[in-house]
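All of the numbers you see were taken from the coordinates with simple rules; none came from a lab. Just so it is clear, the model here is predicted, and its values are computed rather than measured. Neighbour counts run over all protein chains shown; Cβ positions are idealised from the backbone, glycine included.
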Amino acid sequence: MSRLAPAAVLMVMFLCGFTLVPASFGPGGGSAPAPVPEPEKPAEKKDDRLDSTDMMIEMYTSGEINATWWVTLHEDPAAGQFWETSSESYGTTTTQRWQVVKVEGQRAIIEWQMKTESDYAVSNYVLAYLVRLGAEAGDVNVLQAWVGRPGKKPGDIEVMEKAENVEPPSEDYETSEEEFSDLELAGGKWSGKVLTVKGEGFEVKTWTANDAWFGGVIKTELVGGEYVSELSAFGDDAKPLLKWDDVELLKLMKKSAAEDVQGKDAKDPPAKEDAKPDPQGDSPKKEEK
């Protein structure tokens, strides 16, 4: 009968919901400490803003939008040069960045990043162009184009055809031009000319600096409106925004130059060494924000 007592006690404890707590085998005995729960990791903040990047890329790759046939480029472009302008209007920040990826003979790969950001939406894509250097203004200088997300391999897109016999815009506006000097922007000091265009209900001012890159525009202002675009960064140490295969890129540029020779029976001039910007005066220098 005594042998059945422990079994009976266990049965009663089981039916009544008791739980046995094992004794500690360490010095002093007692109950085992309860396990300490691991601290919960804070949940990552989700970006609920509308991202229109893929939509814009699709519009290019599907042919709904074509790449421009002309890219404004300064003399003696060199790999690494970049030129970035920023503006803020009605709660949206827009950043445009032009940069030289590679130069080989009379060919250059140019990237253009278009990035917008607001409380409700974002977009960030990169267009790239194979540019024929030395083309006269008004001639086609974009030979091939691509589009993609930063850090991703780009996809081919079509280049629009140059429109012929385009009627000039009506000249129901007036223009004036004056010199400016020692305008400080993005860590540089600039001199050049400011062009003012006035029309019915609008006035636009554009500052173009001497010896600057990618057309040299350092500031654009819509007078009386909520729009000012200014140079925000520039330098000569930019890394490619898109994911390029350097070997394939070089082959492409050489093949394009060879086709030019076959078509015109002329040779490209020898490749120039990468130009280094003059740190003095009005010439572009490294990024300073």
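So here's what we get for this one:
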{"item": "In region 82-150, chymotrypsin sites (Phe, Trp or Tyr not before Pro) in a DSSP loop with at most 10 other beta-carbon atoms within 10 Å", "result": "90, 120"}
{"item": "Cα pair distances in region 121-195, grouped into 10 Å bins until the bin that holds the longest one, percent each", "result": "13, 21, 27, 35, 3"}
{"item": "Residues with amide H under 5 Å from that of residue 152, placed H, sequence gap 5 or more", "result": "243"}
{"item": "Relative contact order %, region 193-245, counting alpha carbon pairs below 8 Å whose residues are six or more apart", "result": "22"}
{"item": "Region 139-207, relative contact order [Cα under 8 Å, separation at least 6], %", "result": "20"}
{"item": "Filter on 41/152; 46/243; 102/162; 115/219 - keep pairs with C-alpha separation over 29 Å", "result": "41/152"}
{"item": "Sequence-separation-based contact order of region 89-200, relative, with Cα cut under 8 Å and 6+ spacing, percent", "result": "14"}
{"item": "Radius of gyration and maximum dimension Dmax of region 44-137, Cα, Å", "result": "15.8, 52"}
{"item": "Between region 193-257 and region 85-154, the Cα center-to-center distance that results, in Å", "result": "9"}
